[in-house]
Amino acid sequence: AGLACEEGVLARMISLDRASGAWDVRTGPFQEEDFPGLPDHDWTLLVQDVDKWDADVRELLAQFRFLPRWRVDDIMISFAATGGSVGAHVDHYDVFLLQAQGERRWMIDASVALGKPARLDADLDAAWEVLAEAVQTVMRRHGLPNPYEQLKALTRGQGITADSMRAFIESLDLPADAKQRLRDMTPGSYTGLAERLARGI
């Protein structure tokens, strides 16, 4: 269990009750005695930010130096019992998968890559984290402290929703007009502006 039992480490246990089809999520820190009684199937332990806690794991990041630093979030390690999964989902960011042991079937949802407009629009509408860059820029412009760190705390290890992004914006000490512009933004309108600007070049 190791890091999953440490205070301050982002750890989750995801399990599936196959009889009911219900998913269960528990968050750490866990206790060592939580693990021996687990079934031998249908659960996954996820530990995020392992690169920040373990120097050997951190060395893996050297393999990804071809990416801009802002594109790299963390190294997450998962351990799954037989049948363990986090369920089918679409990530709204780049993911590199390294299989250390065992077997797992990974699949890519080609409908997004193939450009089905309705699916792309739905995925974009759910991707509120794309507004983080715009919010950070406005925070910097108005001299708010630690904009990067504040947004990192908001976005790390959890999905960002319209409600959580708007609550974050409301909490900021910004002029009313700047706050209103941020309130009015959506993932679609933010990237839509980029498209219009690009077409004008």
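Quick note: the coordinates plus some simple rules give every number you see, no bench work behind them. Note that this is a predicted model, so its numbers are computed, not measured. Positions of Cβ are generated from backbone atoms using ideal geometry, with glycine treated the same way; all protein chains shown enter the neighbour counts.
Charge dipole (Cα centre; +1 on Lys/Arg Cβ, -1 on Asp/Glu Cβ; no other charges) of segment 2-107 amounts to roughly 500 debye.
Annotation for Gln180 and Thr161: the two label points, set 7 Å from Cα along the Cα-Cβ direction, are 2.7 nm apart. Taking other residues whose beta carbon is less than 14 angstrom from the beta carbon of Pro145, and scoring Lys, Arg as +1 and Asp, Glu as -1, yields +1. Summing charges over all other residues whose Cβ lies under 10 Å from the Cβ of Leu61, with Lys and Arg as +1 and Asp and Glu as -1, gives 0.
All other residues whose Cβ lies under 13 angstrom from that of Leu98 are scored, Lys and Arg at +1 and Asp and Glu at -1, for a net of -1.
When you count the other C-beta atoms within 10 angstrom of each residue and take the mean per peptide, 45-53, 170-178 line up highest first as 45-53, 170-178.
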